[in-house]
Amino acid sequence: MKITIIGTGYVGLVSGACFADLGNDVLCLDLDEKKVATLKAGGIPIYEPGLEQLVRHNAAAGRLRFTTNVEESVAHGAVQFIAVGTPPDQDGSADMRHVLAAARNIGRYMTEHRVVVDKSTVPVGTAERVHAVIDEELKRRGVSIPFSVASNPEFLKEGAAVADFMRPDRVVVGSSDELATQAMRQLYNPILRNHDRLLVMDPRSAELTKYAANAMLATRISFMNELANLAEKVGANIESVRHGIGSDQRIGYHFLYAGVGYGGSCFPKDIQALQHTAGEYGMNLTIVDAVEKVNRTQKQRILEKVRLRFGEHLDGKTFALWGLSFKPNTDDMREAPSRVVIGGLLSRGAKVCVYDPVAMEEARRIYAKEPAVKFAASTTATLDGADALIIVTEWKEFRSPDFEDLKKRLKSPVVFDGRNLYDPNHMRTAGIEYFSVGRH
Ligand SMILES: NC(=O)c1ccc[n+]([C@@H]2O[C@H](COP(=O)([O-])OP(=O)(O)OC[C@H]3O[C@@H](n4cnc5c(N)ncnc54)[C@H](O)[C@@H]3O)[C@@H](O)[C@H]2O)c1
């Protein structure tokens, strides 16, 4: 099938490469000329395991191409996926500018039937808005061309995006248009051969499903973070509690880790957008509000522990910091807890020496004008002369450090672990002052 993907970010590029890998003829459009030039030259603008190889292979086979030419992109795909960003607007609502601009472009240039699919995470009612915008453009042109609009929210996880796309738990399609539903079935059938996990529902339910999924996952995280803080007070161990409840099949183990709070390009903005949607209908989402509030506080917890140990003013102190991306296996630092931690340390006069296995380039871009942030080439290089180590992201390579070497390099053997990577007893025996989350 001929497909156009509009927007080549995490979702667009992964979807485009995967659809091409299934044999479709895919053209990816992005307005960012630098990004498209990189892709055309065989480069990948983001870090995502397995993606580079997939893009190279399918580009070489002629099934995956990139363009900045809108007219060409509208002419190409019988199915047009909108996968552009929906960042938070100032009032917390999803900024729909890019989605509606993409829809308008389709209306402006289409000459035959198009199935337009919203893959971006968009507020309830967007399929109708997209339909109206295309209609408006066609009327302006004085033409009547049939088209279909469907919603197909994406559930992939950064860091495992290719695998998630190719082996989805389910594919949600919001459609009340038979042509659109058929096109989605045809496209997704190859990855749903084992058993049919395509769930067709009305567009509004599909749109709400995406927000509901993210809100539920964020709720589990905030719930555990709040209980971890209680565990610290009452002398319990949140890891034991996690095992104790995760083993209950009704609860399960996923998303029950206490830590430094959730970040990334999705949870924070989607939670806010959901709150905003509720507000538009005169409702408060009490649970979702609490989830957000707990998360904001949790991002400060590690700074609070630093304050209790080192005092309010941190002038002359240097902190080693491991992990910058909002989670392992990605270079994405949007809303990353590391940014809150670094910001808090700098505002109190400290210097920070940071390391991340893949997000260093992104960090250099973000902190280009910040002389108090130093960039190290390895975990150990951050430690020399630092007053303490702070761990923010649970990358695999942080799991088994040489503790004797770590002690020698740090000025004082203090570790703040925002991800509970080490055994508190082991740390005690090793003579390291160890602060983790919800454990003693
Ligand atoms: N990142 C994730 O893990 C993830 C997972 C599920 C859903 N989502 C959702 O998918 C959407 C995209 O997210 P992302 O992380 O891939 O975004 P991104 O910011 O990485 O990429 C968006 C791309 O769209 C391009 N763009 C913007 N306007 C355009 C236009 N009019 N025409 C063509 N290109 C345009 C931008 O230049 C950019 O390259 C968002 O709504 C997000 O919430 C993201």
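Within region 210-224, work out how many residues are more than 15 Å from Thr277 (Cα to Cα) and within 14 Å of the ligand (Cβ to nearest atom).
Residues meeting the conditions: 3.
When you look at Ile302, is it among the aliphatic types (A, V, I, L, M), part of a helix (DSSP H, G or I) and under 26 Å from Ala381 (Cβ atoms), yes or no?
yes
Would you confirm whether any residue within region 37-45 is farther than 28 Å from Gln182 by Cα and surrounded by 19 or more Cβ atoms within 10 Å (Cβ to Cβ)?
Within region 37-45, one or more residues are farther than 28 Å from Gln182 by Cα and surrounded by 19 or more Cβ atoms within 10 Å (Cβ to Cβ).
Where in region 377-440 are there strands (runs of 3 or more DSSP E), lying wholly inside it, with at least 1 residues that are modelled with pLDDT under 95 and loosely packed, with under 14 Cβ neighbours inside 10 Å?
Strands (runs of 3 or more DSSP E) meeting the threshold: none at all.
For residues in region 46-93 being within 30 Å of Leu274 (Cα to Cα) and free of Cβ contacts under 8 Å to residues at least 24 places away in the same chain, which is surrounded by the fewest Cβ atoms within 10 Å (Cβ to Cβ)?
Among residues in region 46-93 that are within 30 Å of Leu274 (Cα to Cα) and free of Cβ contacts under 8 Å to residues at least 24 places away in the same chain, the one surrounded by the fewest Cβ atoms within 10 Å (Cβ to Cβ) is Gln90.
What pairs can you find where one residue is in region 159-187 and without any contact (Cβ under 8 Å) to a residue 24 or more places away in the chain, the other is surrounded by fewer than 18 Cβ atoms within 10 Å (Cβ to Cβ) and basic (Lys, Arg), and their Cβ atoms are less than 6 Å apart, with a gap of 6+ or different chains?
Every condition considered, the pairs that remain are Asp164/Lys157.
List every residue pair whose Cβ atoms sit under 7 Å apart, with the two residues 6 or more apart in sequence or on different chains, where the first one lies in region 239-259 and is farther than 10 Å from Ile221 by Cβ and the second, anywhere, is assigned to a loop (DSSP other than H, G, I, E, B) and among the basic types (Lys, Arg).
Glu239/Arg439
For the subset of region 52-75 comprising residues that are under 28 Å from Ser175 (Cβ atoms) and part of a helix (DSSP H, G or I), which member is farthest from the ligand (Cβ to nearest atom)?
Asn58
May I ask you to say which residue of Ser325, Ser338 is under 25 Å from the mean Cα position of the chain (by Cα), part of a loop (DSSP other than H, G, I, E, B) and polar (S, T, N, Q)?
None of the other options fit; the residue is Ser325.
Can you pull out the residues in region 76-87 that are more than 10 Å from the ligand (Cβ to nearest atom) and either in contact with a helix residue (DSSP H, G or I) (Cβ under 7 Å, 6 or more places away or on another chain) or closer than 19 Å to Ser120 by Cα (or both)?
Those that are more than 10 Å from the ligand (Cβ to nearest atom) and either in contact with a helix residue (DSSP H, G or I) (Cβ under 7 Å, 6 or more places away or on another chain) or closer than 19 Å to Ser120 by Cα (or both): Gly77, Ala78, Val79, Gln80, Phe81.
If you check Lys411, Lys396, which single one turns out to be among the basic types (Lys, Arg) and more than 31 Å from the chain's Cα centre (by Cα)?
Answer to the check: Lys411.
Only residues that are among the charged types (D, E, K, R), in a helix (DSSP H, G or I) and either within 16 Å of the ligand (Cβ to nearest atom) or free of Cβ contacts under 8 Å to residues at least 60 places away in the same chain (or both): list them for region 123-155, please.
Arg129, Asp135, Glu136, Glu137, Lys139, Arg140, Arg141
When you go through (1) within 27 Å of Val200 (Cα to Cα); (2) outside any loop (DSSP other than H, G, I, E, B); (3) aliphatic (A, V, I, L, M); (4) more than 13 Å from the ligand (Cβ to nearest atom) one by one for Ala102, which number turns out not to apply?
Status for Ala102: all satisfied but (4).
Among the residues in region 284-302, are any loosely packed, with under 13 Cβ neighbours inside 10 Å, of a type in the set (Asp, Glu) and without any contact (Cβ under 8 Å) to a residue 60 or more places away in the chain?
Scanning region 284-302, I find no residue that is loosely packed, with under 13 Cβ neighbours inside 10 Å, of a type in the set (Asp, Glu) and without any contact (Cβ under 8 Å) to a residue 60 or more places away in the chain, so the answer is no.
For the subset of region 27-45 comprising residues that are closer than 12 Å to Gly16 by Cβ and not aliphatic (A, V, I, L, M), which member is farthest from the ligand (Cβ to nearest atom)?
Cys28
Taking the criterion of being under 24 Å from Arg185 (Cβ atoms) and in a loop (DSSP other than H, G, I, E, B), would at least one residue in region 85-95 satisfy it?
Scanning region 85-95 turns up no residue that is under 24 Å from Arg185 (Cβ atoms) and in a loop (DSSP other than H, G, I, E, B).
Within region 20-38, can you find the residues that are over 21 Å from the mean Cα position of the chain (by Cα) and part of a helix (DSSP H, G or I)?
Hits for region 20-38 are Ala20, Asp21, Glu33, Lys34, Val36, Ala37, Thr38.
Kindly establish whether Arg170 is of a type in the set (D, E, K, R), over 30 Å from Pro49 (Cβ atoms) and more than 10 Å from the ligand (Cβ to nearest atom).
Spelling it out, it is not the case that Arg170 is of a type in the set (D, E, K, R), over 30 Å from Pro49 (Cβ atoms) and more than 10 Å from the ligand (Cβ to nearest atom).
Just checking, how many residues over region 256-287 are within 15 Å of the ligand (Cβ to nearest atom), assigned to a loop (DSSP other than H, G, I, E, B) and not small (Gly, Ala, Ser)?
The total comes to 2.
One line per residue, one yes/no per condition, for (1) in a helix (DSSP H, G or I); (2) in contact with a helix residue (DSSP H, G or I) (Cβ under 6 Å, 6 or more places away or on another chain); (3) on the phi > 0 side of the Ramachandran plot:
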residue	(1), (2), (3)
Asp164	yes, no, no
Val173	no, yes, no
Arg185	yes, no, no
Arg204	yes, no, no
Asn214	yes, yes, no
Ile245	yes, no, no
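Take region 364-393 and flag every residue that is acidic (Asp, Glu) and over 27 Å from the mean Cα position of the chain (by Cα).
Matches in region 364-393: Asp384, Asp387.
The values are calculated or read from the model by the stated rules, or taken from the named source; none is laboratory data. Small disclaimer: the values here were computed from a predicted structure and weren't measured. As a convention, Cβ positions derive from the backbone with ideal geometry for all residues, glycine included, and neighbour counts pool all protein chains shown.
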